[in-house]
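The values are calculated or read from the model by the stated rules, or taken from the named source; none is laboratory data. Model, not experiment: these values are computed from the prediction. As a convention, Cβ positions derive from the backbone with ideal geometry for all residues, glycine included, and neighbour counts pool all protein chains shown. Only protein heavy atoms, including side chains, enter the accessible area calculation; ligands, DNA and RNA are left aside. Shrake-Rupley method; radii C 1.70, N 1.55, O 1.52, S 1.80 Å.
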Amino acid sequence: MSPMDRVYFDHAATTPVREEVLEAMQPYFSEKYGNASSLHSFGQEAREALETSRATVAKLIGANPEEVIFTGSGTESNNTILKGTAFHKKKGHIITSAIEHPCVLNVCKWLETRGFDVTYLPVNNEGIVSPGDFANAFRNDTIIASVMTANNEIGSIQPIEELQKIASEKGVPFHTDAVQGFGKIPLARTDALTVSAHKLYGPKGVGVLCTKGIDFDPLLHGGGHETGRRSGTENVAGAVGFARAAELAFAEMGKEAKRQTALRDQLIDGLLAIDRTHLNGPREKRLPNNVNVWFEFIEGEALVLMLDGEGIAASTGSACSQKELKASHALLALGLEAHQAHGSLRMTIGRPTTEKEVDYALEKIPPVVQRLRKMSPFKKEYAGFGGEK
Ligand code: PLP
């Protein structure tokens, strides 16, 4: 095995729970285990922790605590706001972008089968939605618009403040899936926002939906928890973990963004030094932790498996839907052809990533790429371009 046992470059897929987060959550499993809806002191203790966590998250977002709903995931938050608004309005038109996460895109596709109209806005070749296209997409019956803050595959950052302003002028609620941006970059205030704890060193299975002034039907009916907007006994430990993780992420945001941007750029430059390699997504308006390139004459799955053999964890396409061997919809939306998208590699940096790990990756990846190219069915074409025979 290598001098580095394993290096993790997949922080967009998930992150390790921080020690401080684990510590904050720990008492709420077996010591302060009350049901936050119970009237006795056990319940009150849990309720207090839940409401303190809600207030912490609200403050970081710049919202009021009653606007924050704890959910079971980013997927649930996105489903709630989109389906919930659609169910409430019963019919109408939705605006979104072509590069959303599947938990937005597949909701929209499903809503189309229920009679709703959806506009999927294109992106430019850097993965960014045009505010002009966005403004032109509104119709008299538009019920909600949803554009992600930052893309999970290519890291492109959308002009959210501008999009919110346009939606407000049109009198339509605007939602953003901020799962990849929250805690990494400063966020504009929007009518609705989705976040997920496990992307920011919190626990898996905890999300937040923050909304103000949007009427939507709940997805989960039951005991009326979360003021009737999301029934189900509250995950107090999860909410406490979310709040602690968010607090720490915001406190360290500036410093971490700077540090990770430097590592990101080192990685991008190092990978682009490999011949016939191209950057996916923008150079500037990009998440501090995202690297995504495509290698000509390479098959991404094979590359990820070979890198895993070198102790390097990375991904191709979206890790969330890796069981599908379809070319990534986000890369296709940039204008890449299917075979180009299949040759892509996403590496996402995180808090634990060090310069030594980046150096290690840059030492290991070029020979693996060359080895794969020699085995590639396109090796003749590669040789024709002056590659190794
Ligand atoms: N939205 C984006 C942009 C994501 O990257 C993800 C997960 O990868 C989700 C939503 C889903 O979040 P969760 O894993 O909490 O369901």
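Taking the Cα centre of segment 33-108 as the origin, how large is its charge dipole in debye, to the nearest 20, when only Lys and Arg (+1) and Asp and Glu (-1) carry charge on their Cβ atoms? Dipole of segment 33-108, to the nearest 20 debye: 400 debye. When Rg and the Kirkwood Rh are both derived from Cα coordinates, the Rg/Rh ratio for segment 78-138 amounts to 0.98. What base-10 log of the normalised intensity I(q)/I(0) is obtained for segment 215-363 from the Debye formula, alpha carbons as equal point scatterers, at q = 0.17, 0.20, 0.21 Å⁻¹? For segment 215-363 at q = 0.17, 0.20, 0.21 Å⁻¹, log10 I(q)/I(0) is -1.00, -1.18, -1.25. Each Cα pair under 8 Å and six or more residues apart adds its separation to the average, and for segment 191-240 the resulting relative contact order is 27 percent.
From largest to smallest, the equivalent ellipsoid semi-axes obtained for segment 19-249 from the alpha-carbon gyration tensor read 32, 19, 14 Å.
Split the accessible area of segment 19-249 by element, probe 1.4 Å, and carbon with sulfur accounts for 51%. Segment 174-228 and segment 232-268 have Cα centres spaced 15 Å apart. Any of LYS204/LYS356; LYS204/LYS255; LYS91/LYS165; LYS59/LYS212 with alpha carbons more than 18 Å apart? Name them for me. The answer is LYS204/LYS356; LYS204/LYS255; LYS91/LYS165. Over segment 59-160, accessible surface divided per residue gives 36 Å², non-protein components excluded, 1.4 Å probe. Viscosity 1.567 mPa s, temperature 4 °C: Stokes-Einstein D of segment 1-101 from its Kirkwood Cα radius, in µm² per second? Once the numbers are plugged in, D ends up at 74 µm²/s.
State whether segment 102-167 is rounded, prolate or oblate according to the following rule on the C-alpha gyration tensor (a ≥ b ≥ c being the square roots of its eigenvalues): a/c under 1.5 gives rounded; otherwise a/b larger than b/c gives prolate, and the remaining case gives oblate.
Oblate is the answer for segment 102-167, as a/c is 1.5 or above yet b/c matches or exceeds a/b.
Taking all protein chains into account, the per residue accessible area for segment 237-329 stands at 41 Å² (1.4 Å probe). Considering the dipole of the chain built from charges on the beta carbon (Lys and Arg +1, Asp and Glu -1) around the Cα centre, which of ALA302, ALA314, GLY232 is farthest to its positive end? Most positive-ward Cα: ALA302. Think of the chain as a dipole: +1 on every Lys or Arg Cβ, -1 on every Asp or Glu Cβ, centred on the Cα centre; then among THR142, SER77, ASN280, THR142 lies furthest on the positive end. With the convex hull drawn over the C-alpha atoms of segment 143-287, the volume per residue is 133 Å³.
Using the Cβ-Cβ distance between ASN124 and GLU381 with R0 set to 30 Å, the FRET efficiency from 1/(1 + (r/R0)^6) comes to roughly 0.55. For the chain, the Kirkwood hydrodynamic radius from C-alpha pairs, put into Stokes-Einstein at 37 °C and a viscosity of 0.692 mPa s, yields a diffusion coefficient of 150 µm² per second. Compared with the alpha-carbon gap, the fully stretched path from ARG189 to GLN370 is longer by 60.6 nm at 0.36 nm per residue.
About the centre of its Cα atoms, segment 1-145 shows a dipole size close to 640 debye [charges on the beta carbon of Lys, Arg (+1) and Asp, Glu (-1) only; nearest 20 debye]. Among complete DSSP H helices in the chain, those whose alpha-carbon atoms stretch at least 20 Å along the helix's long axis and whose mean Kyte-Doolittle hydropathy reaches -1.0 are 41-61, 74-89, 236-272, 355-375. Per-residue ellipticity at 222 nm from helix content only, as computed over the chain with -39500 (n - 2.57) for each DSSP H run of at least four residues, stands at -13000 deg cm²/dmol. Charges were assigned to the Cβ only: +1 to each Lys and Arg, -1 to each Asp and Glu. The resulting dipole of the chain about its Cα centre is roughly 440 debye. In straight-distance terms, cross-link reach from LYS379 covers every one of the lysines whose alpha-carbon lies under 22 Å from its own, apart from those fewer than eight places away in the same chain; here that gives LYS364, LYS389.
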